[in-house]
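Report on the structure given below.
The values are calculated or read from the model by the stated rules, or taken from the named source; none is laboratory data. Computed from a predicted model, the values in this text were never measured in an experiment. Quick reminder, even Gly has a Cβ in these numbers, built from the backbone with ideal geometry, and neighbours come from all protein chains shown.
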Amino acid sequence: MIRLIFSPAIRLGVASLAAAAAVNCSSSSAPLAPAQTTAATASPDAALKATVPAVQSPINDAITTALAPTPLVASAATPQYASVTLQYRFQVFNDANALVVDSGLMSTPAYTVTMTLTPLKRYTWRVRAEYQGASGAWSSTGSFKTPQQPPAYSRPIGNWQTCAGLSSSPLVGCVWNAVLPTDAVSDLEVVKRVVWLLRGEGAGLLIKGSGDNVVLWAGYSFSASRLCFADGHVFKIIGDAGPGGANSPGFADNGFVDPKLCIPAIDPSTP
């Protein structure tokens, strides 16, 4: 009988081939299940390919001039692979990091918060681009602080109701004499009453979210020197408004705004 003697290297090679054959047989009879896809492993193609908007204003705990509305402004995002028109979503969080405002989709990277925010609080906000259900990355966070609520005008006001029936400058002058304003808060008292007397003509109060002479009242932030009409036509009725100014009466054409910023007349007796 002839005995075949294999070297250790040959014996090792034969064993390796046998093991590989066993694996192949096992694989053919029970194929491996595909790996599961999770949120962490989802295709990046599900996200919008666009640059991230940059927050511009307000940032760095800037103190806003009013409690509402507060305009949020960011830079535009740019789509990376196609020329499409992007939309933007803004979110605002309170000092407990709870979401208090979601803008919905906006056509430009700017949004005006219309709700009244809490005085002397810190808020943060962010923005992202969206397109047909796909979302880009959120921006870095901007922050701002709200001011103290303006005090109510407490000085007695004269009989302004006798001004009914007048119009334009004579009406404003008559109400002005009843109020005798000295600052933005008392200027708004003139505006309230002029608008109320002109309510039958569609006069309203002008929402103003920033700048000088903005006064919070009835849940809105109003211009203390201008009134508006339902078509968005604005008239300035207090000249040199605010503390230290002449706060003088007038009736000057001041252009047009979005009619949505014109709030119908509110009874001046409203707290």
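Of the candidates G136, G204, G209, the single residue that is in the same structural domain as P249 (by TED's automatic domain parsing), touching a strand residue (DSSP E or B) at 6+ places or on another chain (Cβ under 7 Å) and under 30 Å from V84 (Cβ atoms) is G209. If a residue must be within 25 Å of the chain's Cα centre (by Cα) and either without any contact (Cβ under 8 Å) to a residue 12 or more places away in the chain or surrounded by fewer than 18 Cβ atoms within 10 Å (Cβ to Cβ) (or both), how many such residues does the stretch 230-256 contain? Count: 6. In summary, G173 fulfils each of the numbered conditions (1) touching a residue at least 12 places away in the same chain (Cβ under 8 Å); (2) in the same structural domain as T108 (by TED's automatic domain parsing) with the single exception of condition (2). When R155 is tested against (1) of a type in the set (D, E, K, R); (2) part of a loop (DSSP other than H, G, I, E, B); (3) modelled with pLDDT of 95 or more, just one condition goes unmet, and that condition is (3).
Identify, from the list T41, T108, T85, the residue that is part of a loop (DSSP other than H, G, I, E, B), among the polar types (S, T, N, Q), at pLDDT below 90 and surrounded by fewer than 17 Cβ atoms within 10 Å (Cβ to Cβ). Can you show your working first?
Details: T108 fails: at pLDDT below 90; T85 fails: at pLDDT below 90.
On inspection, the qualifying residue turns out to be T41.
Name the residue, out of A77, A129, that is modelled with pLDDT of 95 or more, part of a loop (DSSP other than H, G, I, E, B) and crowded, with 16+ Cβ neighbours inside 10 Å. Reasoning before the result, please.
On the way: A129 fails: part of a loop (DSSP other than H, G, I, E, B).
Answer to the check: A77.
Limited to the stretch 145-204, what total is found for residues that are basic (K, R) and within 24 Å of G232 (Cα to Cα)?
Here is the first cut: in the stretch 145-204, the ones basic (K, R) are 145, 155, 192-193, 199.
In the following step, the residues that additionally are within 24 Å of G232 (Cα to Cα) were identified as 192-193, 199.
The qualifying residues number 3.
Quick check, is D61 surrounded by fewer than 18 Cβ atoms within 10 Å (Cβ to Cβ), among the acidic types (D, E) and at pLDDT below 90? For D61, the condition - surrounded by fewer than 18 Cβ atoms within 10 Å (Cβ to Cβ), among the acidic types (D, E) and at pLDDT below 90 - is not met.
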